[in-house]
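**Q** First the structure, which I've put down as structure tokens, then a few questions once you've had a look.
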Amino acid sequence: MIKAVMMMNTQGKPRLAKFYDFLPVEKQQELIRGVFSVLSSRPENVSNFLEIDSLFGPDSRLVYKHYATLYFVLVFDGSENELAMLDLIQVLVETLDKCFSNVCELDIVFNYSKMHTVLDEIVFGGQVLETRSDEIMKAVEEISKLEAASNSISLVPKSVSGWRGGR
Amino acid sequence: MEQLKTIGRELAMGSQGGFGQSKEFLDLVKSIGEARSKAEEDRIVLSEIDILKRKLLEPDIPKRKMKEYIIRLVYIEMLGHDASFGYIHAVKMTHDDNLLLKRTGYLAVTLFLNEDHDLIILIVNTIQKDLRSDNYLVVCAALNAICRLINEETIPAVLPQVVDLLNHHKEAVRKKAIMALHRFHRKSPSSVSHLISNFRKRLCDNDPGVMGATLCPLFDLITEDVASYKDLVSSFVSILKQVTERRLPKSYDYHQMPAPFIQIKLLKIMALLGSGDKSASEIMYMVLGDLFRKCDSSTNIGNAILYECIRSISCIIPSPKLLEAAADAISKFLKSDSHNLKYMGIDGLGRLIKISPDIAEQHQLAVIDCLEDPDDTLKRKTFELLYKMTKSSNVEVIVDRMIDYMISINDNHYKTEIASRCVELAEQFAPSNQWFIQIMNKVFEHAGDLVNIKVAHNLMRLIAEGFGEDDDDADSKLRLSAVESYLQIMSEPKLPSLFLQVISWVLGEYGTADGKYSASYISGKLCDVADAYSSDETVKGYAVSALMKIYAFEIASGRKVDVLPECQSLIEELLASHSTDLQQRAYELQALLALDARAVESILPLDASCEDIEVDKDLSFLNGYIQQAIESGAQPYISERERSGMLETTDYHSQDHHEVPSHALRFEAYERPKPSSLRTQASTELVPVPEPSYYSEAHQPISTSSVSERESSEIKLRLDGVKQKWGRPSYQSSTSASSTPPQAANGTSSHPDVGVGSSSLKPRSSYESKKPEIDPEKQRLAASLFGGSSSSRSDRKSSSGGHKPAKGTASKPPKENPIPVQPPPDLLDFGEPTATSVTATDPFKELEGLMDSSSQDGGSTDVMGVLYSDAAPVTTTTSVDSLLSELSDSSKGNPGTYQSQTSKGPNSQEALEKDALVRQMGVNPTSQNPTLFKDLLG
């Protein structure tokens, strides 16, 4: 099972963090910082794997990939294959690349909710759901289309009290 | 430049429809991105929080604005700040009909809330509605949310809808419904146990994606219960075969591999099903062989599948051909330039080595290369492999390597792990004792306080006991080498506390043993330790105890002891220490220096750390004294309960109780021993040591008072018996591990009867309790069961006694244990007007009171039982004689004080011996009775 997906830049600023089991905010921050400090101390041209029991508990592994100014990080347990996880990062990046045509850090920063949409199509509740980037793209586009459509229809604000009364 | 790019992006954002954000949000992101320090970032975020708090309070916020606020909240929380003030708005947003807003709401709540959050209750209804929606995207959003937001209690609320969705016409929905069910299964297996068959059904889904999704829950289910899925072996194999033969639509290919993630999941499942099952394994041979041939090892994903094949082969019962193929694949991995592949190769090697141990040999060089690699991950993996392949022939090399690496790293987590591995390997394969001690020294020196304390205790025991061979010469050589190495290491600065404890103990025990080093040299070193680590009380305690032993051995061998000036000043410093433990040690050391050789020898015999501690739990050596006291008319013991509450009712109940105990307790028929005959019995059978003489010597003149209470003594004794009935079950339950628990309990509790000497209910039982203890076989068994585990014993003590420390208590249970549990007995005893009339008998009343109160109290019985049962009677050793006579000598000189001491701690003689022996055992130091020694002897 995948425990967490993180993206952070090379200065350690989190760009996206999703934990598949609930963790309090402070713990999340601690883990993000911990992961970053490990990653930043890794030399170049070494393996992309880390055993990370000290942060995430026994039998935790981490796979990361460094693209330009970003680290893509997957944390998972022993029931996943490290090389396959590395390819899952590849899937994610390829998909983002198609989404944003030549993805860069800024795309990720400014399209926060779209990032989550993409990620939710790939990893669902900690399991790999879909690895075909075309399919992911299709799903995401369908959502955007529908959202855009519904957005233009209803722009009439509903008050809070109106919502309460409606229930 | 960066800014220009940002502006460009911003402009581009406007054309991106639904995902575009407002200027404010972009400004926020930008300013955070440009923040120079964490403090600056925090300041920006805090002001943003203020803005949001204000804005969220405004009435009639346009929805699009609200959506943006929610996104900003999410962003703030990702940066580590609390956004809980806005949670309710996110929850509200999930109720919206607009898909965009709804999805934003769901996204926010899944990130904000945990499944037990109070607000979830407001969402469940919406989720239910959305799961029934016609729009499959709404359904998907809801399914996404339930993975995170539904807990055990709310599962039933959505379960029917989720099950319905398993047959939804859209495969994307079916897939997510399966995943959601899987999630439920993980959270609460019982809630979906009746639906497990659905997973099997979905395995035959028309859509390969849905089938692939089904493999995730099946993998979990098979992990839990392999046997009930054996029938699926051929199905899985045929699915894998079809996948590898490219029967799936082309769209499932990834980097020219057909559905690699499905293949990997299938291989994992097959590894589970084929494990230890020859026939299941045989079905898999074909497809595995095909995979090895077909897999494209030039792509990452191809290697992932290859690695998974290796893993499966290491789990199932493989054919030689497959093993060969796996070995080939591994050597390809190891020869690769990619660190990732090397890592997988080392991992695979570690798996295969269990099946064919010689496979590693051809890869020796590659393994060594990995060990030297700058990549830490690879290095650790290689150490894991080495750990798995350690034999007695290579242990020296491997452990040396491990220690070098251990010294080089700073990561405490891994340091601890590798240190424990070193210790484990050294213990298992050590080629020689010297080597073992050297390794342990290194581990302690460099990993020090990270090492489990048990390792230190093991090492001390090993040095004390030798290596099991009956070769005393070798043992003493071993000790000498240990002492030498420690003397060398000691001069290094900043050693870990645990290591210093071991050093101190060994130096104290064996520093002067073979005469190579003088007592003053060793004691000087020990003083240095105590000085240099003056803030560490445990180390100081060990050092002082070691000093005591050194001096004791000197005195015992008849040499004159010159206490070094620094030792003297250390003792004086500790006499005034705030730590009662250190204070007591100092007092004891001081007292010991004043004793003569015979006494010292019996307190701290040479090299006796492995001797069993024998404790006379009946305090039978007091029998003679009790006898005398009774004969001369002393008041017999009255138990705590009688004194405090039942005194008035004693007479009424005495008759009824008279019958009850004798039946209920089911002891053998007792004759009532005549007071006079008991005394002879006590001195001949019960106690092989002629203590009575000592007691008569010491106390004859005192015990001359009242004859008054004699009749009532009989009645009260029976009540004692009743009490045993109540007390007994707790003894049995709590001390069942010890060799003679019931006897031990009886032994203690029956003592009052023996002491009073009339109408005793169970003098027999106390005789019985002695017999098995005298048996040397059992003594040894008990010693091996309990002797070494001083730490665990002290653990138990401290847990039941509250503030009870380890070492001293072992020596003085009767005095200390009951006090924290039931403070009254002591005071009551002294305060009791009836008792004061006969001061001479006070000690024994006291003792009985304590014993009894302890037997009444559930909490302390455990302690007492443990203590008593693991200590055999001390009085059987002859050396005690001399000690006791020694003591009696001193007490004769000042009978008054001695008496008052005995009334405080009735069995302090015994306590003294026990204490001495316990100390030799190196039990963790601490005690509560620092003045005992001084009072006794001074």
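Coordinate-derived values only; no laboratory data. This is a predicted model, so every value here is computed, not measured. As a convention, Cβ positions derive from the backbone with ideal geometry for all residues, glycine included, and neighbour counts pool all protein chains shown.
**Q** Return the average number of partner chain Cβ atoms within 10 angstrom of each residue Cβ along peptide A:116-127. Spell out each step's value before the answer.
**A** On the way: counts 10, 6, 0, 0, 9, 4, 0, 1, 13, 13, 7, 13.
That average works out to 6.
**Q** Moving on. If Lys and Arg each add +1 and Asp and Glu each add -1, what is the summed charge of the other residues whose beta carbon sits under 9 Å from the beta carbon of A:Tyr20?
**A** Working: positive: A:Lys3, A:Lys18, B:Arg148; negative: A:Asp21.
Cβ neighbours under 9 Å give a net charge of +2.
**Q** With only alpha-carbon atoms counted, please give the Rg and Dmax of the stretch B:338-404, in Å.
**A** Computed over the Cα atoms of the stretch B:338-404, radius of gyration and Dmax are 11.2, 33 Å.
**Q** Which pairs in the list A:Lys114/B:Lys23; A:Lys145/B:Lys250; B:Lys342/B:Lys442; A:Lys18/B:Lys175; B:Lys187/B:Lys268 are over 25 Å apart, alpha-carbon to alpha-carbon?
**A** Working: A:Lys114/B:Lys23 17 Å; A:Lys145/B:Lys250 27 Å; B:Lys342/B:Lys442 31 Å; A:Lys18/B:Lys175 21 Å; B:Lys187/B:Lys268 22 Å.
Flagged as over cut-off: A:Lys145/B:Lys250; B:Lys342/B:Lys442.
**Q** I've got another one for you. Exposure proxy check: A:Val63, B:Val367, B:Val544, A:Val93 ranked by fewest other beta carbons within 10 Å? Please list the in-between numbers first.
**A** Working: A:Val63 24, B:Val367 19, B:Val544 28, A:Val93 16.
Arranged by neighbour count, lowest to highest, A:Val63, B:Val367, B:Val544, A:Val93 become A:Val93, B:Val367, A:Val63, B:Val544.
**Q** Amide H of A:Val123: which non-local residues (sequence gap of 5 or more, or other chain) have their own amide H closer than 5 Å, using H built in the peptide plane?
**A** For A:Val123, whose amide H was placed from the backbone, the distant partners under 5 Å are A:Leu129.
**Q** Using only the alpha carbons of the stretch A:1-116, determine the length spanned along each of the three principal axes and report them from longest to shortest in whole angstroms.
**A** 39, 31, 26
**Q** For the stretch B:365-460, what are the per-bin percents of Cα-Cα distances with bins 10 Å wide, up to the bin holding the maximum?
**A** Pairs per bin, as whole percents: 16, 52, 29, 4.
**Q** Continuing with this model, one more query. If you rank B:Asp220, B:Asp562 by fewest surrounding Cβ atoms within 10 Å, what's the result?
**A** Details: B:Asp220 17, B:Asp562 14.
The most exposed by this proxy come first: B:Asp562, B:Asp220.
**Q** Let me ask something else about it. Whole-Hz ³J(HN,Hα) for each residue in the stretch B:543-559, computed from phi via Karplus 6.51 cos²θ - 1.76 cosθ + 1.60 with θ = phi - 60°, x for glycine and proline: what do you get?
**A** With the stated coefficients, the stretch B:543-559 comes to 5, 5, 4, 5, 4, 4, 5, 4, 5, 4, 5, 5, 4, 5, 8, x, 7 Hz.
**Q** For the stretch B:488-602: lysine pairs with Cα atoms under 23 Å, gap of 8 or more or different chains, count?
**A** Lysine pairs, 8 or more places apart or on different chains, close enough: 10.
**Q** Could I ask something else about it? Using DSSP to call loops (not H, G, I, E or B), can you name the GluC sites (Glu not before Pro) in the stretch B:137-184 whose Cβ has at most 13 other Cβ atoms within 10 angstrom? Show your work: numbers first, answer last.
**A** Values: sites: B:Glu152, B:Glu153, B:Glu171; in loops: B:Glu152, B:Glu153.
Within the stretch B:137-184, the qualifying GluC sites (Glu not before Pro) (loop, at most 13 other Cβ atoms within 10 Å) are B:Glu152.
**Q** Compute the signed sum of charges (Lys and Arg +1, Asp and Glu -1) over the other residues within less than 12 Å, Cβ to Cβ, of B:Leu498. Display every interim value, and only then the final one.
**A** On the way: positive: B:Lys454; negative: B:Glu445, B:Asp449, B:Asp536.
Once all neighbours under 12 Å are counted, the net charge is -2.
**Q** Now, a different point. List, in order, the whole-Hz ³J(HN,Hα) value for each residue of the stretch B:290-305 obtained from phi through the Karplus relation with A = 6.51, B = -1.76, C = 1.60 and θ = phi - 60°; use x for Gly and Pro.
**A** Values per residue, Gly and Pro as x: 4, 4, 4, 6, 7, 4, 8, 7, 8, 9, 4, 5, x, 5, 4, 5 Hz.
**Q** Right, here's the next one. Given labels modelled 7 Å from the Cα in the Cβ direction, how far is it in nm from B:Ser338 to B:Arg200?
**A** A separation of 3.9 nm, rounded to one decimal place.
**Q** Let me ask another. Count neighbours as other Cβ atoms within 10 Å of each site's Cβ, and list the GluC sites (Glu not before Pro) in the stretch A:1-95 that are DSSP loop with at most 12 such neighbours.
**A** Numbers: sites: A:Glu26, A:Glu30, A:Glu44, A:Glu51, A:Glu80, A:Glu82, A:Glu94; in loops: A:Glu44, A:Glu80.
Answer in residue order: A:Glu44.
**Q** Continuing with the same structure: Please report B:Ile407, B:Ile310 as a ranked list, fewest other C-beta atoms within 10 angstrom at the top and most at the bottom. The partial results should precede the final answer.
**A** Numbers: B:Ile407 12, B:Ile310 28.
Starting with the residue having the fewest Cβ neighbours, the order is B:Ile407, B:Ile310.
**Q** When N is the residue count of the stretch B:488-602, what does its C-alpha Rg come to as a fraction of 2.2 N^0.38 Å? Mind dumping the intermediate values first?
**A** Values: Rg = 13.2 Å, N = 115, 2.2 N^0.38 = 13.4 Å.
Here the Cα radius of gyration is 0.99 times the empirical estimate.
**Q** Report the relative contact order of the stretch B:461-534, percent, no decimals, based on alpha-carbon pairs under 8 angstrom and at least 6 residues apart. Don't jump to the answer; show the numbers that get you there.
**A** Values: 33 pairs, mean separation 20.5, N = 74.
This gives 28 percent for the stretch B:461-534.
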